[in-house]
Amino acid sequence: MVAERPSGLRVHDLELFAAGFEWIAAVSLAAGAAAVGYLAYKKFLSKDKCCKAMVNLHIQKDNPKVVHAFDMEDLGDKAVYCRCWRSKKFPLCDGSHTQHNDETGDNVGPLIIKRKEA
């Protein structure tokens, strides 16, 4: 026979209530830990964050698109063009990609156009 409390609740009912409360607390804790882990992954380990950053920080920001055209005859024997968008001589490379690569872990380098030697 199950003992009854004066309020009409049995000991068995209280044990079930306590077990349910513990289960809810455990699930809440696990969900919170999973949410924190996911957010930490997105912030620190996800590669998506580097792809959404703006590349051109200061060059011709008043134009809808930055375009430079050169005639092949005007290039001479060799031309070196910036691809990191950090050059102070843009569109020509000034070596700014070296500092950019050191700071970001990127591996960008210049575009080099040379004439074939005959």
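Using the Cβ atoms and a cut-off under 13 Å, what net charge is assigned to the surroundings of Glu117, where Lys and Arg are +1 and Asp and Glu are -1?
Working: positive: Lys78, Lys114, Arg115, Lys116; negative: Asp77.
That sum, taken over residues with Cβ under 13 Å, equals +3.
Given the whole protein assembly as supplied and a 1.4 Å probe, what does the accessible area of Tyr38 come to in Å², nearest 10?
130
Provide the net charge surrounding Ala35, with neighbours chosen by a C-beta distance below 15 Å and charges set as Lys +1, Arg +1, Asp -1, Glu -1. Spell out each step's value before the answer.
Working: positive: Lys42, Lys43; negative: none.
Net of charged neighbours comes to +2.
Would you compute the Debye intensity of region 24-118 from its alpha-carbon atoms alone, equal scatterers and no solvent, and pass along log10 I(q)/I(0) at q = 0.16, 0.24 Å⁻¹ to two decimals?
Summing over Cα pairs of region 24-118 leads to -0.83, -1.24.
The values are calculated or read from the model by the stated rules, or taken from the named source; none is laboratory data. The structure presented is a predicted model; accordingly, all values stated were derived computationally and were not measured. A quick note on method: Cβ atoms are made from the backbone with ideal geometry, for glycine too, and the neighbour counts reach across all protein chains shown. For accessibility, only protein heavy atoms count, side chains too; no ligands or nucleic acids. Shrake-Rupley method; radii C 1.70, N 1.55, O 1.52, S 1.80 Å.
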